[in-house]
Ligand code: FHN
């Protein structure tokens, strides 16, 4: 579990993460009516697309991070909540909101030239202000501002002209303007008080219905599912059924898995095998525009993030925050276009590919694949000797994607192929080497972990196999197994034991107050140890805890598992490592 967003509290974040992560794997509400083939067909364009533009644009672009002369901390689109701005005062920004420089075709063009294949824009964010012409009330850009235009509708027309699929974000439960709407941290203005059920029936559900009927988006992106019960999500699902081709995310609420996992501001170390997923991320440190946030990620970071995500089977939904005038800040455009330039040359290694075949990312870069082709995205160009890839396939052709007519020499030895590379990298950020191979890629079996010379066995989170749907490796070096919100998930390691005997078992983990007390069983063969998770300072405060002594009877391959028996709080623990030390040492 990691800290993510400005002023949101850790508790809220964990609740949000848990709400999203607790989703079961199968899309139960649809499985009766949709076969795997139909689902693959429906998700087809999205799986090919890989790269999309997220746009947070709304009234918050007017204050742009400053209220009453004070810079308000946190993310820009949260200014109303973080600044505790009264409803009537915030609504006055509408009178000033006149983004005359907005040009839907230009935005679609920027997305296109950046190599993006879809767009998702905030039709309504938590401030309750609609960026489309809703008939529900007048609190929208068409009726309440001098602009008198409907940007959502304009973009829905402009995007297809550039081959961009168009989607909308809609904050279904959190609404700080309409009486009864949800608010993290509670209401701060009496005008917000009201009946949540009435809000859903009279504002939220009708607006979703309007969007589907009038805009027919390819994607509907829900967010922050406060108070969404089974009955309530059921009513939304009934509306969604009117658009069978729609793709929607896992944030509707009440464990509805939707179509896509949505890790936010992070790239999960192993992706979500078996699930479609999309990392959404800010280009600086805010989603909605803040005039003083120019902390843009470098082109290198953006591009390597895209490659990293795609190499794990995901999509990258990268956010921009346009200004009050309707301009995407130039610092953002410049970086996006640089990514687009790279994609013009190397797009074949991104679009329509699937996750690389190796369990662990190589130190030199990342790998993606298509039937018969491996794409090696080299971040760290080898000084000499080329690259050795642990595959047993016959390579029929090797070349740089930037120079496809010039064959590269390869040599095959045992279960590996070495490709000889030119002295300098064609691209300082990522150069793509293509290996055309015969048959399905055969990776050489990963060597099992082995016992150290002093008999110690070290089991790192990064070497664990995670079985389940929510727990995953997070963070890099050393990383930990986190988001362990489903107690049915467990972790296991295979280790080659050469010196059997009794071992003292220590776990290195962190657990935030409120989540301690989960029971777990550590097993090696038929020997088990029971443990209880103690609370440490927080999710990042790691402590070594002795679990007990366990016997490994004989030399050979042993499997070590850690399985929770229950879960008392948000997550079981953040597990970083297990050490088995020969007893008495
Ligand atoms: O609270 C929002 C936030 O403003 C932003 O819209 C992000 C985008 O994923 N979602 C929420 C936090 O999870």
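The values are calculated or read from the model by the stated rules, or taken from the named source; none is laboratory data. Only a predicted model underlies this, so the values are computations on that prediction, with no experimental measurement involved. Note that each Cβ is placed from the backbone with ideal geometry, even for glycine, and that neighbours are counted across all protein chains shown.
Brief remarks follow.
- Selection count where residues are within 16 Å of residue 126 (Cβ to Cβ), in a loop (DSSP other than H, G, I, E, B) and away from the ligand (no atom under 14 Å from the Cβ), scope the stretch 176-193: 8
- Verdict on residue 98 being on the phi > 0 side of the Ramachandran plot and modelled with pLDDT of 95 or more: no
- Residue within the stretch 282-295 that is over 16 Å from the mean Cα position of the chain (by Cα), under 29 Å from residue 369 (Cα atoms) and free of Cβ contacts under 8 Å to residues at least 24 places away in the same chain present: no
- With a requirement of 1 or more residues that are touching a strand residue (DSSP E or B) at 6+ places or on another chain (Cβ under 7 Å) and within 16 Å of the ligand (Cβ to nearest atom), the strands (runs of 3 or more DSSP E) lying completely within the stretch 269-385 that satisfy it span 276-282, 315-320.
- Qualifying position, being assigned to a strand (DSSP E or B), over 32 Å from the mean Cα position of the chain (by Cα) and surrounded by fewer than 22 Cβ atoms within 10 Å (Cβ to Cβ), among 581, 561: 581
- Selection from the stretch 162-175 of residues that are farther than 16 Å from residue 203 by Cα and within 16 Å of the ligand (Cβ to nearest atom): 167, 168
- Index of the failed condition, residue 9 passing every other in (1) at pLDDT 75 or above; (2) exposed (fewer than 15 other Cβ atoms within 10 Å of the Cβ); (3) within 13 Å of the ligand (Cβ to nearest atom): (1)
- Of all positions in the stretch 342-352, none carries a residue that is without any contact (Cβ under 8 Å) to a residue 12 or more places away in the chain, within 20 Å of residue 278 (Cβ to Cβ) and surrounded by fewer than 21 Cβ atoms within 10 Å (Cβ to Cβ).
- Checking 467, 495 one by one, the residue that is modelled with pLDDT under 90 and surrounded by fewer than 19 Cβ atoms within 10 Å (Cβ to Cβ) is 467 and no other.
- Enumeration of residues in the stretch 52-80 that are within 11 Å of the ligand (Cβ to nearest atom) and farther than 30 Å from residue 218 by Cα: 74
- Scan of the stretch 385-405 for residues that are farther than 12 Å from residue 432 by Cα and without any contact (Cβ under 8 Å) to a residue 24 or more places away in the chain, ordered by number: 405
- Every listed requirement among (1) within 15 Å of the ligand (Cβ to nearest atom); (2) without any contact (Cβ under 8 Å) to a residue 60 or more places away in the chain; (3) in a loop (DSSP other than H, G, I, E, B) is met by residue 220 save one, (3).
- Condition check for residue 408 on (1) out of contact with any helix residue (DSSP H, G or I) (no Cβ under 8 Å at 6 or more places or on another chain); (2) outside the structural domain of residue 556 (by TED's automatic domain parsing); (3) within 30 Å of residue 496 (Cα to Cα); (4) crowded, with 18+ Cβ neighbours inside 10 Å: one failure, at (3).
- Filter result for residue 457 (surrounded by 13 or more Cβ atoms within 10 Å (Cβ to Cβ) and touching a helix residue (DSSP H, G or I) at 6+ places or on another chain (Cβ under 9 Å)): no
- When the stretch 81-94 is filtered for residues that are more than 14 Å from residue 62 (Cβ to Cβ) and away from the ligand (no atom under 11 Å from the Cβ), the ones remaining, listed by number, are 84, 86, 87, 88.
- With respect to the conditions (1) over 30 Å from residue 50 (Cα atoms); (2) not in a helix (DSSP H, G or I), residue 169 lacks only one, and its number is (1).
- Qualifying residue in the stretch 228-244 (condition: crowded, with 19+ Cβ neighbours inside 10 Å, in the same structural domain as residue 50 (by TED's automatic domain parsing), at pLDDT 95 or above and within 16 Å of the ligand (Cβ to nearest atom)): yes
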